[in-house]
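These notes are about the structure you will find just below.
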Amino acid sequence: MARHKSSPPAIRRRGVGMLRWAVRVASSIVLWTALLHLSSLLGLPRPPLLAARPSCLGGGGGGGGGSNSSASSAVTVAAADEVGRLAPPAICDMVTVARYMNLTMVVPELDKQSFWADPSDFGDIFDVNHFINSLQDEVKIIRELPQKFSRKVPFSMQPISWTDSRLANNGLPLKLQKLRCRVNYNALQFAPSIEALGKKMISALRKTGSFIVLHLRYEMDMLAFSGCTHGCSDEETAELTRMRYAYPWWKEKEIDSEKKRLEGLCPLTPGETTLVLKALGFPRDTRIYIASGEIYGGEKRLTELKTEFPNIIRKEMLLSADELRPFQKHSTQMAALDYLVSIASDVFIPSNDGNMAKVVEGHRRFMGFHKTIQLDRKKLVELIDLLEDQELSWDEFSTAVKELHEGRMSEPTRRKAIAGQPKEEDYFYANPHECRVTVKNR
């Protein structure tokens, strides 16, 4: 009887690769089916495809808003926001799913290959002991996979869209929503070194009176990712475009900057922000802490803001070089310092509505509806253009800006829910009204 010849090595390797691919696909289907059944058992709405997809079998699902973010026991966090790697909402959703699926959760690992190239681990940012101990009555959390699983490759699915692994904003049981809040506002505390410096910064600011935080989202990565180049020179626009094309995971390449700006989808420029602050009536001596990374264009881009509001404060003015040195090249830890100052400020004003802006707004609501001014960028740029074209006087402009933002100061309200359009409705972590008692319908 003739023997079958052995397959060549290349064919055998391809066969093994196909087998692994088939196993991953089958596992994905099984996992997604299980999650749909879980939704039914818990009385949760059935999400659209991938709207509540877990990132890993061992750790449940995470989520993000605005800009994408996800987390799991083999966490991948990548977002066009300086707080993207921190992603507390993703971790909160992960804990919640782990609790209801009765899973053991592994302390998250953070992506170290994203744009920021930040080598920080979860324990460099958060207090791991507090995280584990404060949730021990809800979910078992371990620091790392047991040795017997060390050779197994964790199953994971990469984010596909803005929905990557998030839980729904609305329609979930009250106990589930409150668990998300418990994780976000109690279990997730920053590492002691970050907390200590944050308290020092806040104390220094408080010694000389009240202050506002301006979350000025005008860094190079944000502008390149969003394609927002209003006010940039031709050379700067070309540089930002090259950067956008250099990162293949930034999917949108051809972007009409002016169209996005008129739709309210771009951050306000420092100059536009200056006009808005003046129109809202902030006095010249207002103390403004700038929460941001390096502003694109350097200090010259802040000239107008500094001229109108000379009391500008950065973290470098509150901490010594020795105190800041351990945080250099750790953008996430720097963002954590800004976060602490932001939630403690008298007023918080974000120039864009990315992850950090939304989570800070929600945290301030949770603490007692502390004022956050939610800028209506779409209508603001219309007014600014009319002012610059001399079709509005300054008084008319100022009055219109004030009227526009009546009712946009974090008053107690319920989230706007839009059936079938989760991207258009209010984000849970920007207004976790279930975790507060006094709310009213819009």
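Yes or no, residue by residue, for (1) part of a loop (DSSP other than H, G, I, E, B); (2) modelled with pLDDT under 95:
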| residue | (1), (2) |
| --- | --- |
| Ile343 | no, no |
| Lys378 | no, no |
| Gln390 | yes, no |
| Pro412 | yes, yes |
| Ala417 | yes, yes |
| Thr438 | yes, yes |
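A count restricted to segment 303-321 and to residues that are within 21 Å of Cys232 (Cα to Cα) and buried (at least 19 other Cβ atoms within 10 Å of the Cβ) stands at 1. Applying the criterion of being hydroxyl-bearing (Ser, Thr, Tyr) and assigned to a loop (DSSP other than H, G, I, E, B) to the residues of segment 246-281, the residue that is modelled with the lowest pLDDT is Tyr247. Residue pairs whose Cβ atoms lie under 8 Å apart, separated by 6 or more positions or on different chains, with the first residue in segment 297-312 and part of a loop (DSSP other than H, G, I, E, B) and the second polar (S, T, N, Q) and surrounded by 14 or more Cβ atoms within 10 Å (Cβ to Cβ), are Phe309/Thr274; Phe309/Thr286; Asn311/Thr286. Looking at segment 369-404, which of the residues that are without any contact (Cβ under 8 Å) to a residue 60 or more places away in the chain and touching a strand residue (DSSP E or B) at 6+ places or on another chain (Cβ under 9 Å) is surrounded by the most Cβ atoms within 10 Å (Cβ to Cβ)? The qualifying residue surrounded by the most Cβ atoms within 10 Å (Cβ to Cβ) is Thr372.
Residue-by-condition table, conditions (1) modelled with pLDDT of 85 or more; (2) part of a helix (DSSP H, G or I); (3) of a type in the set (Ser, Thr, Tyr):
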| position | (1), (2), (3) |
| --- | --- |
| Phe115 | no, no, no |
| Gly123 | yes, yes, no |
| Asn129 | yes, yes, no |
| Ile132 | yes, yes, no |
| Val139 | yes, no, no |
| Ser161 | no, no, yes |
| Asp164 | no, no, no |
| Ala168 | yes, no, no |
| Lys175 | yes, yes, no |
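With respect to the conditions (1) in contact with a helix residue (DSSP H, G or I) (Cβ under 8 Å, 6 or more places away or on another chain); (2) assigned to a loop (DSSP other than H, G, I, E, B); (3) among the polar types (S, T, N, Q), Gln333 falls short on a single one, namely (2). Go through segment 220-232 and count every residue that is under 18 Å from Thr274 (Cβ atoms) and either surrounded by fewer than 21 Cβ atoms within 10 Å (Cβ to Cβ) or aromatic (Phe, Trp, Tyr) (or both). So the count comes out to 3.
Residues to consider are Gly297, Gly271, Gly231; find the one that is at positive phi and over 24 Å from the mean Cα position of the chain (by Cα).
After applying the criteria, what remains is Gly231.
All of Arg364, Arg325 fail the test of being surrounded by fewer than 19 Cβ atoms within 10 Å (Cβ to Cβ) and assigned to a helix (DSSP H, G or I), apart from Arg325.
Filtering segment 241-256 to residues that are closer than 16 Å to Glu219 by Cβ and in contact (Cβ under 8 Å) with a residue 24 or more places away in the chain leaves Tyr247, Trp250.
The values are calculated or read from the model by the stated rules, or taken from the named source; none is laboratory data. None of the values given here were measured: they were computed from a predicted structure. Methodologically, a virtual Cβ is constructed for each residue, glycine included, from the backbone with ideal geometry; neighbour enumeration extends over all protein chains shown.
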